[in-house]
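The values are calculated or read from the model by the stated rules, or taken from the named source; none is laboratory data. Keep in mind it's a predicted model, so treat the numbers as computed, not measured. A quick note on method: Cβ atoms are made from the backbone with ideal geometry, for glycine too, and the neighbour counts reach across all protein chains shown. Note: areas computed on protein heavy atoms with side chains; ligands, DNA, RNA excluded. Shrake-Rupley method; radii C 1.70, N 1.55, O 1.52, S 1.80 Å.
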Amino acid sequence: MLKVGLTGGIGAGKSEVSRLLVECGAVLIDADRIAREVVEPGTPGLAAIVDAFGTDVLAPDGSLDRPALGSLVFADPDRLAVLNSIVHPLVGARSRELEAAVAEDAVVVHDVPLLTENGLAPLYDLVIVVDASPETQLDRLVRRRGMTEEDARARMAAQVTREQRREIADIVIDNDVPLEALERRVKEVWADLVRRARASRRPPQE
């Protein structure tokens, strides 16, 4: 098994790259999706969040009110640390469960938005960083996601810098390009990942 960490700044296009890698044959473990699953109604994760932050973070139907929670933790590092201490271990445990269920010869791509911020690079055989210029990120966030420019800039500023992400990268995928060029690049990267996976399975020479 080849364990790959995939990350990138908000608006860099990491989700598109993960989609293309799955089309090539990768097994995707999406940390964001798992983070939603582990705080669904009835889970220990949601109960722990309510214990820490109160019932104001619940929507009328009993689910987590993410905007309400976000307003509490976004600008408060201490509260954010409390939230992370609840969610991150649950996400890690579920990720390991999913990884254990895949074939031994699989290329497993862990889509982890905050891989750099949380110092997770050593957990993977290699790290892929999806990179785009700040101008491209801002345009995508405003035009595609409907954010205000102020909100988009704040979200970008809350993450590590582009340079810090590139420092931990084994492979960089430039996403300041048209989709056709991105598809070609991802296929190149996939071929490299397959070669690495095969090499890791090869018995040592006597």
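Return the residues of segment 15-27 that are open to solvent by 40 Å² or more (accessible area, probe 1.4 Å) and not in a loop (DSSP other than H, G, I, E, B); say none if nothing qualifies.
Step one: filter segment 15-27 for residues open to solvent by 40 Å² or more (accessible area, probe 1.4 Å), giving 15-16, 19, 22-25, 27.
Result: Ser15, Glu16, Arg19, Val22, Glu23, Cys24, Val27.
Out of the residues in segment 62-75 that are out of contact with any Lys or Arg (no Cβ under 8 Å at 6 or more places or on another chain) and touching a residue at least 12 places away in the same chain (Cβ under 8 Å), which is most open to solvent (accessible area, probe 1.4 Å)? Reasoning before the result, please.
Just the residues of segment 62-75 that are out of contact with any Lys or Arg (no Cβ under 8 Å at 6 or more places or on another chain), to begin with: 62-71, 74-75.
Adding the requirement that they be touching a residue at least 12 places away in the same chain (Cβ under 8 Å) leaves 62-64, 68-69, 74.
Values: Gly62: 28, Ser63: 31, Leu64: 25, Ala68: 26, Leu69: 12, Phe74: 115 Å².
The qualifying residue most open to solvent (accessible area, probe 1.4 Å) is Phe74.
With (1) in a helix (DSSP H, G or I); (2) within 15 Å of the chain's Cα centre (by Cα) as the list, and Trp190 as the residue in question, which single condition is left unmet?
Here Trp190 clears every test but (2).
Here is a check on your reading of the model: is Asp174 open to solvent by 60 Å² or more (accessible area, probe 1.4 Å), in contact with a strand residue (DSSP E or B) (Cβ under 9 Å, 6 or more places away or on another chain), over 15 Å from Ala12 (Cβ atoms) and at pLDDT 90 or above? Write out each step before concluding.
Numbers: open to solvent by 60 Å² or more (accessible area, probe 1.4 Å): yes; in contact with a strand residue (DSSP E or B) (Cβ under 9 Å, 6 or more places away or on another chain): yes; over 15 Å from Ala12 (Cβ atoms): no; at pLDDT 90 or above: yes.
Spelling it out, it is not the case that Asp174 is open to solvent by 60 Å² or more (accessible area, probe 1.4 Å), in contact with a strand residue (DSSP E or B) (Cβ under 9 Å, 6 or more places away or on another chain), over 15 Å from Ala12 (Cβ atoms) and at pLDDT 90 or above.
Looking at Glu163, Glu97, Glu149, which is the one that is loosely packed, with under 15 Cβ neighbours inside 10 Å and over 19 Å from the mean Cα position of the chain (by Cα)? Lay out the reasoning, then the answer.
Numbers: Glu163 fails: over 19 Å from the mean Cα position of the chain (by Cα); Glu97 fails: over 19 Å from the mean Cα position of the chain (by Cα).
Matching residue, one of Glu163, Glu97, Glu149: Glu149.
With respect to Ser95, is the statement that it is in contact (Cβ under 8 Å) with a residue 24 or more places away in the chain and of a type in the set (Gly, Ala, Ser) true?
Numbers: in contact (Cβ under 8 Å) with a residue 24 or more places away in the chain: yes; of a type in the set (Gly, Ala, Ser): yes.
The answer is yes for Ser95.
State yes or no: is Val57 touching a helix residue (DSSP H, G or I) at 6+ places or on another chain (Cβ under 7 Å), open to solvent by less than 30 Å² (accessible area, probe 1.4 Å), within 30 Å of Lys3 (Cα to Cα) and touching a residue at least 12 places away in the same chain (Cβ under 8 Å)? Even if it seems obvious, please write down each step before you answer.
Values: touching a helix residue (DSSP H, G or I) at 6+ places or on another chain (Cβ under 7 Å): yes; open to solvent by less than 30 Å² (accessible area, probe 1.4 Å): yes; within 30 Å of Lys3 (Cα to Cα): no; touching a residue at least 12 places away in the same chain (Cβ under 8 Å): yes.
No; evaluated as a whole, the condition is false for this residue.
Could you please tell me which pairs satisfy a Cβ distance under 9 Å, a separation of 6+ or placement on different chains, a first residue in segment 26-47 that is without any contact (Cβ under 8 Å) to a residue 24 or more places away in the chain and charged (D, E, K, R), and a second residue that is open to solvent by 50 Å² or more (accessible area, probe 1.4 Å) and not in a loop (DSSP other than H, G, I, E, B)?
Going by the 9 Å Cβ cut-off, the qualifying pairs are Arg36/Arg66.
Search segment 107-122 for residues being at pLDDT 90 or above and open to solvent by 30 Å² or more (accessible area, probe 1.4 Å), and hand back the single one that is farthest from Val27 (Cα to Cα). First the steps, then the outcome.
First, the residues of segment 107-122 that are at pLDDT 90 or above: 107-112, 115-116, 119-122.
With open to solvent by 30 Å² or more (accessible area, probe 1.4 Å) added as a condition, the list becomes 119-120, 122.
Details: Gly119: 22, Leu120: 19, Pro122: 19 Å.
Ranking the candidates gives Gly119 first.
Need pairs with beta-carbon distance below 9 Å; first residue on the phi < 0 side of the Ramachandran plot and open to solvent by 50 Å² or more (accessible area, probe 1.4 Å) and within segment 81-92, second among the hydroxyl-bearing types (Ser, Thr, Tyr) and at pLDDT 95 or above; sequence gap 6+ or separate chains.
Qualifying pairs under 9 Å: Leu90/Thr43.
Inspect segment 1-14 for any residue being open to solvent by 80 Å² or more (accessible area, probe 1.4 Å) and either more than 25 Å from Ala158 (Cα to Cα) or outside any loop (DSSP other than H, G, I, E, B) (or both) and give the result as yes or no. Full working, then the answer.
Residues of segment 1-14 open to solvent by 80 Å² or more (accessible area, probe 1.4 Å): none.
The answer is no, given that none of the residues of segment 1-14 is open to solvent by 80 Å² or more (accessible area, probe 1.4 Å) and either more than 25 Å from Ala158 (Cα to Cα) or outside any loop (DSSP other than H, G, I, E, B) (or both).
Would you say Ala35 is farther than 19 Å from Glu188 by Cα, of a type in the set (A, V, I, L, M) and open to solvent by 50 Å² or more (accessible area, probe 1.4 Å)?
On the way: farther than 19 Å from Glu188 by Cα: yes; of a type in the set (A, V, I, L, M): yes; open to solvent by 50 Å² or more (accessible area, probe 1.4 Å): no.
No.
Within segment 123-133, take every residue that is open to solvent by 30 Å² or more (accessible area, probe 1.4 Å) and at pLDDT 95 or above and give me the one that is farthest from Ile10 (Cα to Cα).
Going residue by residue through segment 123-133, those that are open to solvent by 30 Å² or more (accessible area, probe 1.4 Å) are 123-125.
When the remaining residues are screened for being at pLDDT 95 or above, the result is 124-125.
On the way: Tyr124: 21, Asp125: 23 Å.
Among those that are open to solvent by 30 Å² or more (accessible area, probe 1.4 Å) and at pLDDT 95 or above, it is Asp125.
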